[in-house]
Each structure stands twice: as C-alpha cells, then as structure tokens.
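Worksheet for the structure shown next.
The values are calculated or read from the model by the stated rules, or taken from the named source; none is laboratory data. Because the structure is a prediction, the values reported are computed rather than measured. Every residue, glycine as well, gets a Cβ built from its backbone with ideal geometry; the counts of neighbours run over all protein chains shown.
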Amino acid sequence: MKQTTNAARNATRRRPPLTLIVAAAGLALAGCTNDNVPSAPSTAPSPPVVSSTLPAEPQPATLNWARSICQTLHPVFDRLGAPPQPDLGNLATTRQTYINYLGNARNAAQQAIDRLPAVGAPPVDNGQQVLDNLRNQLIQLHKDLDDALVKLNQANPNDVGATGLALGAAGNVLGALGNRVQVLGNLMIDPHLRAAINQMPECQSLIATNTTTATNQPTESPQPTR
C-alpha cells in the first residue's frame, strides 16, 4: 500500500501542472492559426470615391467645340426640314420638287463632312472616336440621300408607276432619317459634351429644329393615281 502511494506521489511530481498544459496548447493553436489562416480583413469603411464624370461647368474649349459642331450641323438639319407635300395629281412636278429637296440636303451633308477637319475632335476622352462616329453618320446620311436621288432621276416622269415607286422610296428614306436624332444622341453620350451642348444656344435651336422636323415627316409614301 505504501509502495502504491509513493508511486502516485512520484508520478504527480513528474507531471506538469494542468495550467501549464492548457497554456502550452493555447499557444500552439494560436501559432497554427497564425501560420495557416490569413488575417481577417479590416472592417474599417473605405473612403468615398470622388468622381469627376459630371463637371459643374464645361471647359471653355469644350463649349467652343460644341458651338462649332452645332453650327456645322445646322445647314444639314435645316435642309432636312419638313419635306414637300406630294401632289398626287401631278407626279411629274412632285418628282422634280423632291429632286430639288433631296439634292439640297445632300449638298448640305457634304458641306458638313468637308468642315469636320477644321472643327477637329472635341477636347474630351475618346474625342477622336466621337468625331469619327459623327463623320460616319454624315457619310451614311449623304449616301441615303444620294441613293434616293438616283432612283428619282432614273424614273421616267411620264411613267406614273415608276415615278410613284421612286417617290415611295424617297419617302422611305426620309422616314428613316431619324439618324439625325442619333447624331445628337451620340454627341451627348459624353457628359462633358452633354453639359456643353445644353448650354449652347446654337445647339438648343438645333435640337428644336430636329424635334419639329421629326413631327412633320410624311407617314405614308405617295402613291400614283390610277
């Protein structure tokens, strides 16, 4: 019995205290955690991002460009005002009237294309792309007007059916010239240009001209009388 008691006492003396075991285990776990698990991200809020996309006032150079480009587009929009009313009783006269109308609009579009190099690209990000898109739109407008003119010129004024078809094609072209709205819309995608265009009287009158013209487009193509 004494031997058993002495052995237990000796074992107790050799065994480290429980508190030391717990502390060591805790340090070991902490070391493993620090080695294998990344530290948690900081929960501190990030500072707000300040955006300069919408300037309070457009730069003078941007205002000058907006004025110049709107003055360049004005003759085209003016020529593409309300188209002549077709005289269904006199298709030959209507044909000639439309030839004059489309010819004047085509020439105005060409003049605007010729002026673009002098106006140059706007002083904004992707300014060259804005100018290239505008040029392409005017070139397409010129082509559409030219195609309609070719059909009208080729139509025999004494052939009621052929003249009626050519006038109908011209009416479809005019009805599709909503790309005038796209011209302004593409210019105003950039916030700096939009701010400048909204301040320029030349541009505001251009927008008003376009709105009035859009409401006066013919809704039906002229048909020949039988």
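Got a sec? Which of 105, 118, 82, 109 is out of contact with any Phe, Trp or Tyr (no Cβ under 9 Å at 6 or more places or on another chain), under 30 Å from residue 199 (Cβ atoms), outside any helix (DSSP H, G or I) and not charged (D, E, K, R)?
None of the other options fit; the residue is 82.
A quick yes/no check of all residues on (1) more than 30 Å from residue 160 (Cα to Cα); (2) at pLDDT 90 or above:
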position: 34; (1), (2): yes, no
position: 41; (1), (2): yes, no
position: 55; (1), (2): yes, no
position: 64; (1), (2): yes, yes
position: 81; (1), (2): no, no
position: 84; (1), (2): no, no
position: 97; (1), (2): no, yes
position: 101; (1), (2): no, yes
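Which residues, counting only those in the stretch 181-226, are among the small types (Gly, Ala, Ser) and either outside any loop (DSSP other than H, G, I, E, B) or at pLDDT 75 or above (or both)?
185, 195, 196, 205, 208, 214
May I ask you to list the residues in the stretch 153-164 that are in contact (Cβ under 8 Å) with a residue 24 or more places away in the chain, assigned to a helix (DSSP H, G or I) and surrounded by 14 or more Cβ atoms within 10 Å (Cβ to Cβ)?
160, 163, 164, listed by residue number.
Could you please give the count of residues in the stretch 95-113 that are under 29 Å from the mean Cα position of the chain (by Cα) and among the β-branched types (Val, Ile, Thr)?
Result for the stretch 95-113: 1.
With the condition kept exactly as written, say whether any residue in the stretch 114-130 is more than 22 Å from the chain's Cα centre (by Cα) and surrounded by 15 or more Cβ atoms within 10 Å (Cβ to Cβ).
Yes, there is a match, as at least one residue in the stretch 114-130 is more than 22 Å from the chain's Cα centre (by Cα) and surrounded by 15 or more Cβ atoms within 10 Å (Cβ to Cβ).
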